[in-house]
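Here's the structure we're looking at; comments come further down.
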Amino acid sequence: MNSKENPIEKSINENLETINHLKDISSEILKVSEVLKKLIKNDGHLFVCGNGGSAADSQHIVGEFRGHFEKERKPLRASALSVDTSTITAIGNDYGFEHIFSRQVEALAKPNDVLIAISTSGNSRNILEATKVAKKIGLITIGLTGKTGGQLAKTADHVLKVPSNRTPRIQEGHELILHILIEMIDDEIDQ
């Protein structure tokens, strides 16, 4: 890209390229959708965690689970671990920021529940801790990350890597993946 490229066009072109390459992980997205469909069938609970923009993504997808996406259906059991500021600050103060999600998983989750852990780098300590505790309890873990996957790619049961090294493009990819997953779930749920 030359230095005079329009910044708007540059961002749009990067986004389109990244989104187009999500087709390369469509088989893994399908596997994750099957995990989530099984979770719902078994009346399990989905837990989602992330930091910053990824925390917003976790709250967004939980809203789609508890409310609805495009068609009316029963609410689905899901919790974003980034919403309870009293719990987060108490755990952060007493145990350290790296435990703000793992302590909640330990308190709330049961075997065969699912944790979606979102980290653009795949190296956020609190995300890795949550994944470690979730696996110890018997949860199925799903990591959403960027191109390299970081440590999360080595620890999660299923990993969806957005093929970019740029945080905004990764976050845009995560949002599309999460929308695809809920759309696939909604297509199979009775209203």
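The values are calculated or read from the model by the stated rules, or taken from the named source; none is laboratory data. As the structure is a computational prediction, the values presented were derived from the model and not from experiment. Virtual Cβ from ideal backbone geometry, glycine too; neighbours counted across all protein chains shown.
(1) part of a helix (DSSP H, G or I); (2) over 30 Å from Ile19 (Cα atoms); (3) out of contact with any Phe, Trp or Tyr (no Cβ under 7 Å at 6 or more places or on another chain): which one isn't true of Lys132, the others all being true?
Looking at each condition in turn, Lys132 falls short on (2).
So if I check each of Ser27, Ser86, which one is outside any loop (DSSP other than H, G, I, E, B), modelled with pLDDT of 95 or more, hydroxyl-bearing (Ser, Thr, Tyr) and within 19 Å of Asp157 (Cβ to Cβ)?
Ser27
Residue under question is Asn126, and the condition is that it be in a helix (DSSP H, G or I) and either touching a residue at least 12 places away in the same chain (Cβ under 8 Å) or crowded, with 21+ Cβ neighbours inside 10 Å (or both); does it hold?
For Asn126, the condition - in a helix (DSSP H, G or I) and either touching a residue at least 12 places away in the same chain (Cβ under 8 Å) or crowded, with 21+ Cβ neighbours inside 10 Å (or both) - is met.
Report whether or not Pro163 is within 19 Å of Gly53 (Cα to Cα) and either small (Gly, Ala, Ser) or assigned to a loop (DSSP other than H, G, I, E, B) (or both). So that I can check it myself, show each step before the final result.
Details: within 19 Å of Gly53 (Cα to Cα): yes; either small (Gly, Ala, Ser) or assigned to a loop (DSSP other than H, G, I, E, B) (or both): yes.
When the stated conditions are applied, Pro163 passes them.
Per-residue answers, yes or no, for (1) in contact (Cβ under 8 Å) with a residue 24 or more places away in the chain; (2) surrounded by fewer than 14 Cβ atoms within 10 Å (Cβ to Cβ); (3) farther than 16 Å from Gly143 by Cα; (4) not aliphatic (A, V, I, L, M):
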residue: Ser26; (1), (2), (3), (4): no, yes, no, yes
residue: Lys38; (1), (2), (3), (4): no, yes, yes, yes
residue: Lys74; (1), (2), (3), (4): yes, yes, yes, yes
residue: Asn93; (1), (2), (3), (4): no, yes, yes, yes
residue: Gly96; (1), (2), (3), (4): no, yes, yes, yes
residue: Ser102; (1), (2), (3), (4): yes, no, no, yes
residue: Leu115; (1), (2), (3), (4): yes, no, no, no
residue: Ser121; (1), (2), (3), (4): yes, no, no, yes
